[in-house]
1. Keeping to segment 147-172, report how many residues are open to solvent by 20 Å² or more (accessible area, probe 1.4 Å) and closer than 18 Å to Met249 by Cα.
2. Please give the number of the condition Ile114 fails out of (1) at pLDDT 95 or above; (2) assigned to a loop (DSSP other than H, G, I, E, B).
3. Step by step: first the residues of segment 126-146, then only those that are polar (S, T, N, Q) and in a loop (DSSP other than H, G, I, E, B), then the one that is nearest to Ser252 (Cα to Cα). Which residue is that?
4. Just to be sure I understand, how many residues within segment 102-116 are of a type outside the set (D, E, K, R) and open to solvent by 50 Å² or more (accessible area, probe 1.4 Å)?
5. I'd like to know if segment 192-207 contains one or more residues that are under 29 Å from Arg94 (Cβ atoms), surrounded by 15 or more Cβ atoms within 10 Å (Cβ to Cβ) and β-branched (Val, Ile, Thr).
6. Please tell me if Asn240 is modelled with pLDDT under 90 and over 25 Å from Phe178 (Cα atoms).
Amino acid sequence: MKNTPLNLCNTRPHGGEYGLYVALRERADNVMNAETESIYGHKPARYLLQEIAAGHKAYSELLISEGTAIGRRETKEILQELALLHTHFWQPGRVLRVRFLGGEAHVHRQIETIAKTWETHANITFDFITQGEAEVRISFTRSGSWSLVGTDALTERDQNKATMNFDLSDETTSPDAFPATILHEFGHCLGCVHEHQSPAAAIQWNKPLIYSRLFQAYGWDRQKVDTNFFEQAEKELITNSGYDPLSIMHYSFPPDFTVPHTHRPPNTQLSAQDIAFIGRCYPFPASSSASTLLKG
């Protein structure tokens with residue numbers, strides 16, 4: 001049964017070491033080449049990672065180039081220390097190809113229209129194609145609505161496998177809720193995580209009730225509940241502008257999910273903080289008219 005009034009998505013975890021590899025390769029600061037490797041190649045892994053974390057250019061490619069830092073035990077340990085999960089964001093200005101794996105034409109049109117809302121506020125383009133390779137591939141299976149987060153989509157190299165899914169049998173894809181679900185999942189696609197899992201949220205969950213309710217209604221085990229509700233996001237993955245209960249990335253939930261009871265109705269559009277945050281992650285060129293609009 002599915003009688004709990006929730007707007008849930010089953011977030012897919014990050015892609016581990018290979019996920020970091022493809023994320024760093026994606027970013028614009030990967031400018032290392034054969035001519036500069038002789039200059040920087042002697043730098044130890046710890047130094048390189050600190051430079052990358054500080055935003056310095058010319059070092060990222062060393063981390064992922066074969067025969068240097070990647071794969072060393074020291075590197076794996078430092079990756080955890082530095083929490084480089086912020087690299088899940090795509091390169092600003094990127095054109096992301098999107099292809100559907102099945103589904104009806106009218107549903108495709110709705111998804112394309114709503115997804116492009118993000119383009120108004122972020123220097124990113126979703127190019128919906130009907131054939132060929134695509135970074136984002138959308139299926140319609142009965143497995144809940146979900147998306148890989150940001151550049152984790154590149155870790156799924158099989159072009160016949162999805163990086164995002166919309167479960168059309170779920171209440172999150174009802175006519176009233178579907179536009180918000182599209183915005184939410186494409187938020188994940190751009191690298192955004194769940195707002196209610198921000199350390200700044202400080203939500204007091206009624207965990208025993210939530211475990212029981214979500215298992216009965218959706219079949220979610222404790223690990224899936226923890227991943228999507230209780231585990232806090234790394235600081236590098238959140239807005240850093242305070243908790244935003246109006247974010248499109250925030251779950252809705254009934255009052256008895258918290259102590260004391262607090263009702264969180266569904267958010268149906270991008271909040272002001274959503275717009276500001278995604279604009280910082282994907283800035284427009286200074287001369288862009290869109291950038292001018294964002295500055296108000």
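The values are calculated or read from the model by the stated rules, or taken from the named source; none is laboratory data. Because the structure is a prediction, the values reported are computed rather than measured. As a convention, Cβ positions derive from the backbone with ideal geometry for all residues, glycine included, and neighbour counts pool all protein chains shown. Side chains are part of the model used for accessible areas, which takes the heavy atoms of the whole protein and leaves out ligands, DNA and RNA. Shrake-Rupley method; radii C 1.70, N 1.55, O 1.52, S 1.80 Å.
1. Of the residues in that region, 2 qualify.
2. (2)
3. Ser145
4. Count: 4.
5. Yes, some residue in segment 192-207 is under 29 Å from Arg94 (Cβ atoms), surrounded by 15 or more Cβ atoms within 10 Å (Cβ to Cβ) and β-branched (Val, Ile, Thr).
6. Answer is yes for this residue.
Per-residue answers, yes or no, for (1) more than 24 Å from Ile114 (Cα to Cα); (2) touching a strand residue (DSSP E or B) at 6+ places or on another chain (Cβ under 6 Å); (3) not in a helix (DSSP H, G or I):
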| residue | (1), (2), (3) |
| --- | --- |
| Thr151 | no, no, no |
| Phe186 | no, no, no |
| Val193 | no, no, yes |
| Ala200 | yes, no, yes |
| Pro208 | yes, no, no |
| Phe215 | yes, no, no |
| Lys224 | yes, no, no |
| Gly242 | yes, no, yes |
